[in-house]
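Worksheet for the structure shown next.
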Amino acid sequence: MSLLATWISHLLTAAIPSAAIAGLALVAEPVLARCTSPRLRAALWWAVLLRLALPAQWGLLSVSGATESAAARETGSGGTVVALLWLLGSLFMMALALGQHRALLQRWGRADPGPLADSLRAVALSAARTLGLRSSPHLEVLPGAAGPAVLGFLRPRVILPGPWLQRASAEELRHVLLHELTHIRRRDPWAHMVVLVIRSLWWFNPVAWIATKRLATLRELACDAAVARVLGEQSPAYRRTLLALSQRLVMAPIGFLGRPSPLIERLEALRAPRDRRGQTWLAGLSLVGLLACSGGGPAEPSPGSPPPLPFLDADPQGCFQKRMLVFHLLAEEALQSRR
Amino acid sequence: MPSPQDMAAMMEKAKKFTQPGDAHKLLEKMLGKWDYEMRMFMGGQATPPEKGTSETTWLMDGRWIRTSWSGTMMRMPTQGFMLMGYDNFKMSYVVTMVSSMDTAMNHAEGDLTQDGKTLIVYGTLDEYLTGEHDKMVKYVWRFESADRVVFEVHDLPIGEAGTKVVEVAYTRAK
């Protein structure tokens with residue numbers, strides 16, 4: 001089977017188990033929200049993306065190699081059209097993401113070329129040290145920024161809106177910087193890049209979009225939780241900062257890379273203390289379950305099922321290769337009749 | 001009635017051609033119990049390996065060896081037998097094989113390479129799928145070490161290259 005046919009068959013057959021996994025995650029997450037951290041819940045959605053990316057015959061909720069091969073065979077002459085459509089779609093999604101990013105930067109304007117205020121540098125450095133970062137990442141004050149954000153993958157920088165900065169209190173500034181620097185400490189720019197690539201490749205699959213959105217939300221919640229842990233008894237003040245931010249800015253506090261973040265969910269998460277009882281075992285159980293469904297390794301072929309042939313659509317040459325194909329199909333037929 | 005000289009010459013020939021010789025020593029390399037992994041090839045790609053076991057013993061000491069193997073092909077149980085010896089008059093190794101995959105008895109003959117490390121035999125088989133008869137097949141045994149032998153089947157009508165269709169790697173069982 002050609003590499004392209006294998007890839008297309010994987011795209012098609014991965015949709016079913018990934019949808020099942022996503023369904024499980026959607027049901028499990030609200031239940032787990034009361035007693036688990038956003039980080040653990042994010043792991044559920046990473047398991048969904050893993051299910052998309054891994055070969056279809058891996059894991060418990062798997063598609064047999066024979067089914068994948070059959071899917072590739074049935075793709076047939078339409079396979080080229082499907083492959084072309086998929087490729088165009090993926091390229092379009094990647095171009096769109098890039099275009100949106102550039103448009104955002106244009107809208108937000110250029111940073112003031114002058115040096116940053118010493119007070120701002122001091123607060124940033126203090127926040128960085130609190131979080132264990134060796135130095136404060138680059139800060140930029142942009143006149144048109146809709147809210148605080150982190151931009152960039154290789155050298156991430158913290159964006160602060162100019163108008164907001166002029167009115168923000170020292171406490172609010174510290175809270176915002178703690179949140180944004182937590183994104184950098186967690187390497188969220190890289191995680192977001194991986195998610196965007198997966199979503200671009202599986203642009204046709206709603207599961208990829210749902211997982212992307214949930215991961216974005218959970219990313220914000222995880223940073224909020226980290227800031228709340230750092231602030232300890234002063235964490236209610238952080239909640240007030242988020243509220244104030246939403247009132248002053250044009251839209252809800254900007255989440256990661258300029259996306260609006262779900263404010264209500266964030267405020268609720270900060271308000272309601274989690275019941276930690278059973279947190280570890282429940283989350284662990286869910287995660288193990290989903291990861292097992294996603295792929296802890298290649299599933300053993302069921303006894304009696306013929307091994308997947310990598311070349312079912314190849315042109316058999318000679319007697320032995322013809323016999324191989326025939327024996328394979330006979331073995332499949334025998335297995336079907338046994339079932 | 002042959003003359004005494006003719007009789008003497010015939011007796012010498014009988015001694016030469018009927019008794020096992022140096023060529024039969026190769027057969028000893030195949031004696032024993034083996035574990036094997038079998039792969040099939042098409043278009044340069046191989047199937048996942050399937051495992052089995054085989055055992056080679058003397059059918060007649062010093063003359064004929066008998067190999068029986070059992071394993072799976074396409075996860076279906078299979079078994080087979082092979083007889084091998086050296087025909088002093090043909091000056092060739094002779095092989096006969098049967099298996100549970102079909103009802104044919106396949107023959108092949110050939111010889112060792114000059115370095116003595118590879119046995120190559122040629123035979124024919126009838127292809128029931130297409131109705132063709134006497135398709136040429138090459139069987140190769142490569143004696144990589146005392147505990148490892150690799151057996152290959154080559155479907156010669158494929159052409160100049162890419163003729164290997166089956167490879168079985170035997171490792172002496174511990």
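Read-outs throughout are calculated quantities, based only on the coordinates presented, and are distinct from any laboratory measurement. A quick note: this is a predicted structure, and the numbers were derived from the prediction, not measured. We place every Cβ from the backbone using ideal geometry, glycine too, and count neighbours over all the protein chains shown.
Using 7 Å Cα-to-Cβ label points, what is the B:GLN45/A:PHE204 separation (nm, one decimal)? In this crude label model, B:GLN45 to A:PHE204 measures out at 2.0 nm. Put in line by how crowded their Cβ is, counting other Cβ atoms within 10 Å and starting with the fewest, B:GLU12, A:GLU29, A:GLU233, A:GLU180 read A:GLU233, B:GLU12, A:GLU29, A:GLU180. Shielding of peptide B:37-49 by partners, expressed as the average count of other chain Cβ atoms within 10 Å per residue Cβ, is 5. The long axis of helix B:4-18 is offset from the longest Cα principal axis of chain B by roughly 20 degrees. Under 5 Å from the amide H of B:MET73 lie the amide H atoms of B:THR78, each residue being 5 or more positions distant or on a separate chain, with H modelled from the backbone and absent for Pro and chain starts.
Ranked for footprinting exposure by Cβ neighbours inside 10 Å, fewest first, A:CYS35, A:CYS319 give A:CYS35, A:CYS319. Listing B:ILE65, B:ILE158 from fewest to most neighbouring C-beta atoms within 10 Å gives B:ILE158, B:ILE65.
Taking R0 as 45 Å, what FRET efficiency do you get between B:MET60 and A:LEU325 from their Cβ-Cβ distance, rounded to the nearest 0.05? With R0 = 45 Å, the Cβ-Cβ based efficiency is 0.70. Taken one residue at a time, the phi angles of region A:168-178 give Karplus couplings (6.51, -1.76, 1.60, θ = phi - 60°) of 6, 7, 4, 5, 4, 4, 4, 4, 5, 5, 4 Hz. Gly and Pro are set to x.
When you restrict to C-alpha pairs under 8 Å that are six or more residues apart and normalise by the size of chain B, the relative contact order lands at 16 percent. Mean partner shielding of peptide A:319-331, defined as the number of other chain Cβ atoms within 10 Å of each residue Cβ, is 6. Each residue, B:LEU156 and B:LEU31, gets one label point 7 Å from its Cα in the Cβ direction; the gap between the two is 3.2 nm.
The simple spin-label model puts a point 7 Å past each Cα toward its Cβ; for B:SER70 and A:LEU87 those points are separated by 5.1 nm.
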